[in-house]
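Below: one structure, written as structure tokens.
The values are calculated or read from the model by the stated rules, or taken from the named source; none is laboratory data. On a predicted model such as this, the values are computed, not experimentally measured, just so you know. Here the Cβ is made from the backbone with ideal geometry for all residues, glycine too, and neighbour counts use every protein chain on show.
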Amino acid sequence: MKRNRTVSRKLNPKQLALIRSLCDGYTIERAAKTAEVARSTAFRWLANPIFKKALDTAKTEIFTTAIGTLKTAALLASRHLVNLLGSQNETTRRLAAVEILEVNFRIRESEGIEIRLTRLEKIVRGLGTRRGLAQDQGDAGEGQVS
């Protein structure tokens with residue numbers, strides 16, 4: 001909740017403790033106990049928009065941090081895999097090469113799917129727009145007297 005200090009200032013220490021416990025993966029019951037509040041209080045706070053926003057912000061920050069960590073780990077793993085290509089052991093070199101090729105294949109496959117999906121979405125949006133125009137034209141004609 002570092003980024004959203006305005007929201008966190010509106011919360012009391014027990015509410016912040018409940019948010020931390022929920023973000024740690026505790027059930028509502030366990031988080032309430034950890035924060036030293038009644039279960040019903042925890043549920044009432046969860047219904048409060050300010051509390052809910054602070055909880056959502058905390059979860060987003062955790063997710064963003066986790067993604068950053070995974071990106072760093074992926075970079076380190078890929079460097080390690082490339083370094084294995086220089087191994088003295090032929091089996092290790094072969095396995096590293098196969099893994100690199102498979103990963104590249106999966107990436108290209110995913111990119112191809114993404115491109116095709118984007119094209120389909122554009123087509124569907126275009127069809128929706130045309131239908132909307134056809135309906136608008138039909139609606140305009142309904143009120144006219146011949």
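In table form, for the structure just shown:
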item	result
Candidates T41, T57, T64, T34 - the one that is in the same structural domain as Q15 (by TED's automatic domain parsing), in contact with a Ser or Thr (Cβ under 6 Å, 6 or more places away or on another chain) and not in a loop (DSSP other than H, G, I, E, B)	T34
Residue that is nearest to A74 (Cα to Cα), among those in segment 86-127 that are among the small types (G, A, S) and surrounded by 10 or more Cβ atoms within 10 Å (Cβ to Cβ)	A96
Check on K59, loosely packed, with under 15 Cβ neighbours inside 10 Å, farther than 30 Å from A97 by Cα, of a type in the set (D, E, K, R) and touching a residue at least 40 places away in the same chain (Cβ under 8 Å)	no
